[in-house]
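Contents: one structure, followed by commentary.
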Amino acid sequence: LEGVPAVLVYALAIVLVAAGILTFVAVVAGETVWLERRVSGRIQARIGPNRVGWQGLLQFLADGLKLLSKEDSLPATADRPIFLLAPVVVFMGAFAAFAVIPFGQGLVAADMDVGLFVVLSLSSIEVVGVIMAGWASNSKWAVLGAMREVAQMISYEMPLGLSALVIVVLAGTLNLSQIVEQQQGGIWNWYLFRGPFAFAAFFIFFTAALAALKRAPFDIPEAESELVAGFHTEYTGFRFAVFFLAEYAAMILFSLLISALFLGGWSPGFSIDMGGPVTRWIGFGLLFAKTCFLLAVMIWIRWTLPRFRIDKAMYLCYKVLLPLSVACLLGVGVQVLLGHALFDASSGVGRWLMGGR
Amino acid sequence: MRRGYFGKIWHGVTTTARGLWLTARHFFTRPTTIQYPEEETYLSPYERGLHEFEPEVCIVCYLCAKACPVDCILIEEDKARKSKAGKVLTKYEIDYSKCLFCELCVDPCPVDCIHMGVQHDLSALERGAHVKIDFTSGEGPWRTALTSAHPDAGVQGRNYGGSRS
């Protein structure tokens, strides 16, 4: 690549990586929709889509084509620029955070030292897009959906961040690649199994993530039986497809994040060098399997639990998850201090107690 | 029952677990969906589909037409060719836009020449093609239903037999 300006090469690399991740996310999101519909079908003693492609695997292409061919309608009283911008913001919020997710050893687009912080903050941008969509639609359903989203957001963000902090206290870093590196070795090295506080933090984080993803039982902002479709009531065609894709992309993002934080990311659960070119992709496959498992659990929960009333969801987030996550944070601090006081950092138990410190 | 703070949390966790267990069990049950055009649908032994009619047996007594609550049976006979053997049927038409599939036309027939068949999946390329069916002329689905040997005749719950007497 001599003679080509470095800026150009760099820009090309960025575009290629972004295109790769976008393709990955779009395809996996599409298949997640398929999985969701098949699983919900089986839970309700139906079959679900099984016509397009093998067992309906290409259903998302057909759905996408259908949405693309729909009329792109814009409400006459809508706030036009904000209405048009909202799906972009929502998708950007869901998609940008994939840059810092470690897909395998060294397979990370941007290895940032503040990776976890970036993921949590970028995924919060999605909420801004939701509020924009709800407000700009100038429709009572959309405004109600946006209001509920605001109320829900300020309640789930705190337990979400605090339970992630439990892992940060253990790991001593916000860098997701390093957090995953520290979980190498046996399955007991996964942060999920490093003491009761990290174990409890997993469930708190998972529940708060469900709220962040607007998944049932926290689908209060969408609440199709009450608000038509909530904030995206007025959206049609491609714009609706973008909302839909962003929702599932965020699901994948949080599943990847939970895998990286609690389930060892790409580490297989036994001692093996994951640095080689082949094992690197095996690690990616393992991470993908963990992600799929978490996605399946999310879908399973969605088709099990009915929707919370908004005050019940707030009760859960403020009065249950928040004190529990604070308790976990304090507990894990004590755990790390005890580990420091009683054990040598190089010993097995000490390392287990103290995480990466 | 009043629960305390931790009682509520415990209740939420256990009921969620029970719900998840229930849906997991449902996930592994067989779907009840029938892939209809490819798989056979369940037909009741008393299925009332399109009529089957045997014009050769009919004695043109008009009892079925009189029994019909919606007057959907039109019978025409050739008065000129009245023979010793009986009346001559020229047209036996049922208007399926009116027909209720109530089976009241079947009971009064003294010679058992009209039955309720199992044909229920009619389709045509023109609107109105299957609205009025003349059972004395032409080959149509009613003929197929009558003559196509009813492979599973006698199988419980699947009535492919033409007549029930």
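The values are calculated or read from the model by the stated rules, or taken from the named source; none is laboratory data. Since we're looking at a predicted model, the values are computed, not measured. Note that each Cβ is placed from the backbone with ideal geometry, even for glycine, and that neighbours are counted across all protein chains shown.
B:Y92 falls short on exactly one of the conditions (1) in contact with a Pro (Cβ under 7 Å, 6 or more places away or on another chain); (2) not in a strand (DSSP E or B), and that condition is (2). Taking residues in region A:222-248 that are closer than 13 Å to A:S137 by Cα, and partners anywhere that are buried (at least 23 other Cβ atoms within 10 Å of the Cβ) and among the polar types (S, T, N, Q), the pairs with Cβ atoms closer than 6 Å and at least 6 places apart or on different chains are A:E234/A:S137. Considering every residue within region A:134-147, establish whether at least one is out of contact with any Lys or Arg (no Cβ under 9 Å at 6 or more places or on another chain), closer than 30 Å to A:I167 by Cβ and either in a helix (DSSP H, G or I) or not acidic (D, E) (or both). Within region A:134-147, none of the residues are out of contact with any Lys or Arg (no Cβ under 9 Å at 6 or more places or on another chain), closer than 30 Å to A:I167 by Cβ and either in a helix (DSSP H, G or I) or not acidic (D, E) (or both).
Just one of the listed residues (A:A201, A:A109) is crowded, with 18+ Cβ neighbours inside 10 Å, in contact (Cβ under 8 Å) with a residue 24 or more places away in the chain and either small (G, A, S) or not in a loop (DSSP other than H, G, I, E, B) (or both), namely A:A201. Considering only region A:43-51, I want to know if a residue exists there that is within 12 Å of chain B (Cβ to nearest Cβ), at pLDDT 85 or above and assigned to a helix (DSSP H, G or I). Taking every residue of region A:43-51 in turn, at least one turns out to be within 12 Å of chain B (Cβ to nearest Cβ), at pLDDT 85 or above and assigned to a helix (DSSP H, G or I).
For region A:292-325, a residue qualifies if it is among the basic types (K, R) and assigned to a helix (DSSP H, G or I), and the qualifying residues are A:R302, A:K312, A:K319.
Any chance region A:103-114 includes a residue that's polar (S, T, N, Q) and closer than 21 Å to A:H232 by Cβ? No: region A:103-114 contains no residue that is polar (S, T, N, Q) and closer than 21 Å to A:H232 by Cβ.
How about region B:33-81: which of its residues are touching a Leu at 6+ places or on another chain (Cβ under 9 Å), more than 16 Å from B:C113 (Cα to Cα) and hydrophobic (A, V, I, L, M, F, W, C)? Listed by number, the residues that qualify are B:V70, B:C72.
Checked against (1) closer than 23 Å to A:R302 by Cβ; (2) surrounded by fewer than 17 Cβ atoms within 10 Å (Cβ to Cβ), A:H232 passes all but a single condition, namely (2). In region B:46-64 there is at least one residue matching the filter, namely being free of Cβ contacts under 8 Å to residues at least 60 places away in the same chain, in a helix (DSSP H, G or I) and on the phi < 0 side of the Ramachandran plot. Kindly check whether there is at least one residue in region A:4-13 that is assigned to a helix (DSSP H, G or I), touching a residue at least 24 places away in the same chain (Cβ under 8 Å) and not charged (D, E, K, R). No, that holds for no residue.
Each row is one residue, and each column tells you yes or no for (1) polar (S, T, N, Q); (2) more than 14 Å from chain B (Cβ to nearest Cβ); (3) assigned to a loop (DSSP other than H, G, I, E, B); (4) surrounded by fewer than 16 Cβ atoms within 10 Å (Cβ to Cβ).
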{"residue": "A:A29", "(1), (2), (3), (4)": "no, yes, no, no"}
{"residue": "A:W34", "(1), (2), (3), (4)": "no, yes, no, no"}
{"residue": "A:S40", "(1), (2), (3), (4)": "yes, no, no, no"}
{"residue": "A:Q55", "(1), (2), (3), (4)": "yes, no, no, yes"}
{"residue": "A:F83", "(1), (2), (3), (4)": "no, yes, no, no"}
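If I filter region B:31-64 down to residues being more than 14 Å from chain A (Cβ to nearest Cβ) and touching a Lys or Arg at 6+ places or on another chain (Cβ under 6 Å), which single residue comes out as nearest to B:L100 (Cα to Cα)? Selected residue: B:L43. For region A:74-90, does any single residue satisfy the condition of being within 30 Å of B:T29 (Cβ to Cβ), of a type outside the set (G, A, S) and more than 19 Å from the chain's Cα centre (by Cα)? No - not one qualifying residue is present in region A:74-90. Between A:V332, A:V336, the distinction of being modelled with pLDDT under 85, among the hydrophobic types (A, V, I, L, M, F, W, C) and surrounded by 15 or more Cβ atoms within 10 Å (Cβ to Cβ) belongs to A:V336 only. Please work out if A:A289 is in a helix (DSSP H, G or I) and buried (at least 17 other Cβ atoms within 10 Å of the Cβ). No, not satisfied. Within region B:13-29, restricting attention to residues that are at the interface with another protein chain (Cβ under 8 Å from one of its Cβ atoms) and not hydrophobic (A, V, I, L, M, F, W, C), which residue is surrounded by the most Cβ atoms within 10 Å (Cβ to Cβ)? Per the criteria, the residue is B:T23. Residues in region A:147-186 that are of a type in the set (G, A, S) and crowded, with 20+ Cβ neighbours inside 10 Å: A:S155, A:S163, A:A164, A:A171, A:S177.
Scanning region A:302-324 for residues that are of a type outside the set (D, E), closer than 16 Å to A:I154 by Cβ and away from chain B (no Cβ under 13 Å) yields A:I310, A:M314. Only one of the listed residues (A:R80, A:R42, A:R51) is in contact with a Pro (Cβ under 9 Å, 6 or more places away or on another chain) and of a type outside the set (A, V, I, L, M). That residue is A:R42.
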